[in-house]
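The block underneath contains the structure these notes are about, expressed in structure tokens.
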Amino acid sequence: MTQTPRKIVIAGASGFVGRYLVERHRARGTDVITVGRRDSVTWSDADALSRAVDGASLVINLAGRSVDCRYTPENRRIILTSRTETTAAMKLAIERAGSPPPLWVNSSTATIYRHAMDRPQTESSGELGEGFSVSVARSWEQTLLDGELPGTRRVALRMAIVLGQGSVLERLVTLARRGVAGPQWDTPWFPSRRRREAGTEHRFGAPWGRQKFSWIHVEDVHRMIDFLVANPDIDGAINASSPGPVDNRTLMHTLRKVLRIPFGIPVPRPALELGAALMGTETELILKSRWVVPERMTAAGFTFTYPELETAIRSILD
């Protein structure tokens, strides 16, 4: 007799992480229900969402507008509400379910920590930062973790930069092949009252490409969620990052090595600010020092398939 595959729900499956998780789970024969604006279950249909999570063994919510954009007032509003409102809708659906899922993994971000140059940020000793991106992360996690939700364990996955097909790595490869393969240098920059008041101004603090780059391979995100399923004593905030963070100089050197590019021109902040404006993005995404390590997962015994950056990059580009 054929065993009925378990049912899981993945929201925000249109992004590259979501697509990867859907593919990996369906390859196992798992019944995967996707939730999104154009999926079989939409956020506007509360009843359908409740039916979807009812009896599911796992819920993964990755929904949220990409932060790879200019932080205009409208984009800031959408970035926040696309995270908090979908998380609130998922919570309501689980509350209404007759058989709620035992585990709900909700995306969060390692950007919640401060610009760190002195020491790595862990779940136990990390210091939360300030500004727009941090306020979004705080609200996101608060929406997830506040209140009672009997029968469902909740995990906020504070993801570092995820590397895989369709990730920021593709943009870096394009720049490297165009000769701009050097480190991204932070420098003092003209203050803007508008950006300062909005909390979106990156303040100088990491010269010569010394800002830390915390990352994780998309396969290890998948394996980390499997590990959480198998370890029911883990809940709350979890750093989803490789144990091998590097600085920006090492990132670009490693990329040049893999691509066999002998030299890369450094890019100082004035050029980055101009390029970000033309590309419709923000320099904070590359200049903020994200120094995050997976203290809780390492202590629990999780092992990474890709703990080192070069191996991770080679696996993706190959």
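The values are calculated or read from the model by the stated rules, or taken from the named source; none is laboratory data. Just so it is clear, the model here is predicted, and its values are computed rather than measured. Using ideal geometry, Cβ is built from the backbone for each residue, glycine included, and neighbour counts are taken over all protein chains shown.
Assessment of segment 56-65 against the conditions (farther than 25 Å from T200 by Cβ, small (G, A, S) and more than 14 Å from the chain's Cα centre (by Cα)) yields at least one matching residue.
It is to be established whether one or more residues within segment 237-254 are touching a residue at least 60 places away in the same chain (Cβ under 8 Å), surrounded by fewer than 16 Cβ atoms within 10 Å (Cβ to Cβ) and either in contact with a strand residue (DSSP E or B) (Cβ under 9 Å, 6 or more places away or on another chain) or over 26 Å from E141 (Cβ atoms) (or both). No, that holds for no residue. Within segment 182-191, identify whether any single residue is modelled with pLDDT of 90 or more, closer than 30 Å to P232 by Cβ and not aliphatic (A, V, I, L, M), and answer yes or no. Within segment 182-191 (the criterion being modelled with pLDDT of 90 or more, closer than 30 Å to P232 by Cβ and not aliphatic (A, V, I, L, M)), the answer is no, since none of the residues qualifies.
Could you run through segment 276-299 and say how many residues are over 30 Å from V155 (Cβ atoms), out of contact with any Gly (no Cβ under 9 Å at 6 or more places or on another chain) and crowded, with 16+ Cβ neighbours inside 10 Å? Within segment 276-299, residues that are over 30 Å from V155 (Cβ atoms), out of contact with any Gly (no Cβ under 9 Å at 6 or more places or on another chain) and crowded, with 16+ Cβ neighbours inside 10 Å number 1. Pull up segment 1-31, narrow it to residues that are surrounded by fewer than 21 Cβ atoms within 10 Å (Cβ to Cβ) and among the hydrophobic types (A, V, I, L, M, F, W, C), then point me to the one that is farthest from T152 (Cα to Cα). Among those that are surrounded by fewer than 21 Cβ atoms within 10 Å (Cβ to Cβ) and among the hydrophobic types (A, V, I, L, M, F, W, C), it is M1.
Filtered by the rule that a residue be surrounded by fewer than 24 Cβ atoms within 10 Å (Cβ to Cβ) and out of contact with any Phe, Trp or Tyr (no Cβ under 9 Å at 6 or more places or on another chain), segment 86-100 gives A88, L92, E95, R96, A97, G98, S99, P100.
Residues that are out of contact with any helix residue (DSSP H, G or I) (no Cβ under 9 Å at 6 or more places or on another chain) and more than 30 Å from T72 (Cα to Cα): list the helices (runs of 4 or more DSSP H) wholly contained in segment 229-318 that include at least 1 such residues.
Numbers: elements: 248-259, 269-279, 284-287, 295-300, 309-317.
Counting at least 1 such residues, we get 248-259, 295-300, 309-317.
Taking the numbered list (1) buried (at least 20 other Cβ atoms within 10 Å of the Cβ); (2) among the polar types (S, T, N, Q); (3) over 20 Å from the mean Cα position of the chain (by Cα) in turn, S40 passes all entries but (1).
Could you tell me whether A206 is closer than 30 Å to M297 by Cβ, among the aliphatic types (A, V, I, L, M) and at pLDDT below 95? If you could, list the steps in order and put the result at the bottom.
Values: closer than 30 Å to M297 by Cβ: yes; among the aliphatic types (A, V, I, L, M): yes; at pLDDT below 95: yes.
So A206 fits the description; yes.
For every residue, the table says whether it meets (1) touching a Cys at 6+ places or on another chain (Cβ under 6 Å); (2) closer than 18 Å to L163 by Cα; (3) at pLDDT below 95; (4) not β-branched (V, I, T).
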site: M224; (1), (2), (3), (4): no, yes, no, yes
site: L228; (1), (2), (3), (4): no, no, no, yes
site: N231; (1), (2), (3), (4): no, no, no, yes
site: N239; (1), (2), (3), (4): no, yes, no, yes
site: V246; (1), (2), (3), (4): no, yes, no, no
site: T250; (1), (2), (3), (4): no, yes, no, no
site: I265; (1), (2), (3), (4): no, no, yes, no
site: L278; (1), (2), (3), (4): no, no, yes, yes
site: K288; (1), (2), (3), (4): no, yes, no, yes
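Quick one: M117 ticks every box in (1) at pLDDT 95 or above; (2) within 20 Å of the chain's Cα centre (by Cα) except a single one, so which number is it? Evaluating M117 over (1) at pLDDT 95 or above; (2) within 20 Å of the chain's Cα centre (by Cα) leaves (2) as the failure. Only a single criterion out of (1) more than 21 Å from the chain's Cα centre (by Cα); (2) at negative phi; (3) surrounded by fewer than 19 Cβ atoms within 10 Å (Cβ to Cβ) is not satisfied by R260, namely (2).
Mind checking whether some residue in segment 212-234 is more than 30 Å from R26 (Cα to Cα), in contact with a Lys or Arg (Cβ under 9 Å, 6 or more places away or on another chain) and not hydroxyl-bearing (S, T, Y)? Looking for residues that are more than 30 Å from R26 (Cα to Cα), in contact with a Lys or Arg (Cβ under 9 Å, 6 or more places away or on another chain) and not hydroxyl-bearing (S, T, Y), one finds at least one in segment 212-234, hence yes. Within the set V221, V162, V180, the sole residue that is touching a residue at least 12 places away in the same chain (Cβ under 8 Å), farther than 26 Å from I79 by Cα and hydrophobic (A, V, I, L, M, F, W, C) turns out to be V180.
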